[in-house]
Amino acid sequence: AVQSMCSTDTRDVAATVAQIDALAAAGCEIVRCAVPDEAAAEALVEICTQSSLPMISDIHFDYRLALMSLEAGVAGLRLNPGNIGERWKVEEVVKACAERAVPIRIGVNAGSLEKELLEKYGHPTAEAMVASALGHIRVLEDLNYQEIKVSLKSSDVRRTVAAYRLLAEEVDYPL
């Protein structure tokens with residue numbers, strides 16, 4: 001599937017919907033929007049209603065924004081369980097996703113790996129990226145949640161490819 005991410009301010013419904021329409025016209029099949037605050041999460045209600053494409057909500061740190069996104073009708077979440085905070089917050093998000101059959105996309109970026117992994121591996125290696133992904137996967141699996149997709153990103157294309165190859169040996173989730 002062809003996926004892109006809106007570069008508009010999600011709080012600007014008209015601009016975001018216009019960009020989604022342009023992406024759809026160019027062949028995009030799935031679109032992701034950043035949800036940095038409550039206003040952006042509230043705007044998703046209108047955006048999901050008007051969007052011709054399935055919406056993925058990009059969440060960092062605040063589990064309440066994930067819950068609001070789910071209420072708005074998104075087709076998926078992008079988050080890392082490790083940056084949501086306490087386990088009960090992750091449990092709330094997983095429960096809401098399970099009720100709606102909404103998948104969670106774990107997004108690992110070499111530029112924002114956990115400090116302990118950087119200390120262990122020395123720098124953002126493919127192995128460190130995979131360790132991060134496996135840690136996030138384990139959190140969701142411990143909650144009996146299997147609707148998982150994984151994304152690995154690095155500015156170094158070879159590192160990204162190496163990380164995907166390593167992860168593919170470890171899990172059967174969509175990459």
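No solvent, one uniform scatterer per C-alpha: report log10 I(q)/I(0) for the stretch 111-166 via the Debye equation at q = 0.19 1/Å, two decimals.
Rounded to two decimals, the profile gives -0.66.
Tell me, Kirkwood radius of the stretch 54-127 from alpha-carbon pair distances, in Å?
13.1 Å
With a 1.4 Å probe and every protein chain left in place, work out the accessible area per residue of the stretch 63-137 in Å², rounded to a whole number.
Computed with neighbouring chains in place, this is 44 Å² per residue.
Are there GluC sites (Glu not before Pro) in the stretch 65-107 that DSSP marks as loop and that have at most 13 other Cβ atoms within 10 Å, and which are they?
Sparse-neighbourhood loop GluC sites (Glu not before Pro): 86.
How long, wide and thick is the chain, going by the Cα atoms along their three principal axes, in whole angstroms, largest first?
45, 36, 26
Need the full-extension length gain, residue 156 to residue 101, defined as separation in residues times 0.36 nm minus the C-alpha distance. One decimal, nm.
The span from residue 156 to residue 101 would gain 16.4 nm if fully extended.
Summing -39500 (n - 2.57) over the DSSP H runs of n ≥ 4 in the chain and dividing by its residue number, what mean residue ellipticity at 222 nm do you reach, to the nearest 500 deg cm²/dmol?
Theoretical 222 nm ellipticity from helices: -16000 deg cm²/dmol.
Considering only protein heavy atoms and a 1.4 Å probe, what is the carbon-and-sulfur percentage of the accessible area of the chain?
50 percent
With only Lys, Arg, Asp and Glu charged, each at its Cβ (+1 for the first two, -1 for the last two), find how big the charge dipole of the stretch 4-136 is about the Cα centre; round to the nearest 20 debye.
320 debye
The values are calculated or read from the model by the stated rules, or taken from the named source; none is laboratory data. Note that the structure is a prediction, hence the values are computed from the model and not measured. So basically every Cβ, Gly included, is an ideal-geometry build from the backbone, and we count neighbours across all protein chains shown. Accessible surface is based on the protein model in full, side chains and every heavy atom, while ligands, DNA and RNA are left aside. Shrake-Rupley method; radii C 1.70, N 1.55, O 1.52, S 1.80 Å.
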